[in-house]
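Here the structure comes first, spelled out in structure tokens, and everything after it is commentary.
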């Protein structure tokens, strides 16, 4: 059967709105790989209107297209041709669907999931909990929302206990929290594809993120399940979706049951954002009535200690942590000066001040604000052998001592990535750390030297023995050369880091 005929047949059999770009599937082959964490979801999947979120998915992984059909779509895929039937029937492919599951945080989905777990005899390894951000309903009372949350906690606790009974040592390898937007017509979208500004997401996304966090952590504390890896809105599909920094403590982080559930946690991937100050879109605290006309002391809210202690308290629970991936996103607030009124550097300060910090094998810090003293202390105390510092803004001090430590005898031993490092003190325009130019850098930047633009690199990447080699760099105000590459680079940064970029 010709390639074009196969494409036509597959289009008629699989209920996915395929577009011509999907011809890459036939050119490069179909591969079934369980790597959703690094996937970049296509707009084609986001426009899906008549199928569940986990029914059919097309992703791009490392430049190759992969199609992941689920349940009934597997049968349709096998009917396309013999080659596809063989690829969709391999043992590794079948095991993936038993070991990884996407579950919506709804009562019906959680009950059905519990039944599936009971029938699979402990084969589940990776669980993705998907919080639903529906269109707000005028008649939806706060009491109904609380009752719904309690039902979800109850059903999820039951599901966790069922998993624990069928797993060795009551452990689950990976738990991932995500959010998806559901429209009135049933269409589903990832937060990054929602029609909103690049610096602020609609209120329902933040509310759903907080609700998903509370349900998952409270159910985990109430169950017998233990997890080894936790990802909180920090995988490749969760741009513009983070947990507000003051909302981590809405869960009792001193609960002894939660401490026990996280006692064996080895990997934590967490994305948080600014406290949300916009009076028109703010999150109302449980049990409080929000009055738009009531005066608010934004300065007092910005200095509230709960904004900065949540991440440190959570890391304190993870005594056996080996990998930490931390991401920070700034939220633009027209009613509050985001650049001068809120100081997120306090988050890393509380982390660096912990009495004990775990020794890490891998540490990734992205989008954070810090002082030289706090960042250097955190790097030294965690002593990660694989260190990534990406889009870091120093509000006090310089990167000189930090870079010297990283390439010194006590720095990372396996891998080092320094990317987009800024020094920005007070309200002055920030400067940028520039490294020698190399082929393959992401951005195109230059500095004027004797009226000639000299190309520089925004990043430094080294592996193993090369890490200890001397490095030359300078701190300056670079020119971002007008090019499609830089346009894509800046758009990507705004998507990743919000008003920070």
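The values are calculated or read from the model by the stated rules, or taken from the named source; none is laboratory data. Note that the structure is a prediction, hence the values are computed from the model and not measured. Using ideal geometry, Cβ is built from the backbone for each residue, glycine included, and neighbour counts are taken over all protein chains shown.
Within the range 363-386, track down each residue that is surrounded by fewer than 18 Cβ atoms within 10 Å (Cβ to Cβ) and in contact (Cβ under 8 Å) with a residue 40 or more places away in the chain. Residues satisfying the conditions do not exist here. Which condition does residue 396 not pass, out of (1) in contact with a helix residue (DSSP H, G or I) (Cβ under 8 Å, 6 or more places away or on another chain); (2) touching a residue at least 60 places away in the same chain (Cβ under 8 Å); (3) more than 26 Å from residue 320 (Cα to Cα), if it passes all the others? Of the numbered conditions (1) in contact with a helix residue (DSSP H, G or I) (Cβ under 8 Å, 6 or more places away or on another chain); (2) touching a residue at least 60 places away in the same chain (Cβ under 8 Å); (3) more than 26 Å from residue 320 (Cα to Cα), the odd one out for residue 396 is (2). Filtering the range 448-501 to residues that are in a loop (DSSP other than H, G, I, E, B), out of contact with any helix residue (DSSP H, G or I) (no Cβ under 7 Å at 6 or more places or on another chain) and modelled with pLDDT of 80 or more leaves 458, 469, 470, 472.
Just so you know, in the range 228-243 the residues that are outside any loop (DSSP other than H, G, I, E, B) and either surrounded by fewer than 22 Cβ atoms within 10 Å (Cβ to Cβ) or not assigned by TED's automatic domain parsing to the domain that holds residue 178 (or both) include one that is nearest to the chain's Cα centre (by Cα), and it is 231. Under the condition of being assigned to a helix (DSSP H, G or I) and at pLDDT below 75, which residue from the range 134-163 is farthest from the chain's Cα centre (by Cα)? This residue is 143. Annotation note: of 417, 389, the sole residue that is surrounded by fewer than 18 Cβ atoms within 10 Å (Cβ to Cβ), in a strand (DSSP E or B) and not assigned by TED's automatic domain parsing to the domain that holds residue 243 is 417. Each residue in the range 345-375 was checked for being assigned to a loop (DSSP other than H, G, I, E, B) and in contact with a strand residue (DSSP E or B) (Cβ under 7 Å, 6 or more places away or on another chain), and 4 pass. Among the residues making up the range 233-253, those that are closer than 21 Å to residue 134 by Cβ and either touching a residue at least 60 places away in the same chain (Cβ under 8 Å) or touching a strand residue (DSSP E or B) at 6+ places or on another chain (Cβ under 8 Å) (or both) are 233, 237, 238, 239, 240, 241, 242, 243, 244, 247. Does at least one position in the range 81-102 carry a residue that is over 27 Å from residue 204 (Cα atoms), at pLDDT 80 or above, surrounded by 13 or more Cβ atoms within 10 Å (Cβ to Cβ) and more than 24 Å from the chain's Cα centre (by Cα)? Checked against the condition, which is being over 27 Å from residue 204 (Cα atoms), at pLDDT 80 or above, surrounded by 13 or more Cβ atoms within 10 Å (Cβ to Cβ) and more than 24 Å from the chain's Cα centre (by Cα), the range 81-102 yields at least one hit.
Listed conditions (1) under 28 Å from residue 158 (Cα atoms); (2) in a loop (DSSP other than H, G, I, E, B) are all met by residue 247, apart from (2).
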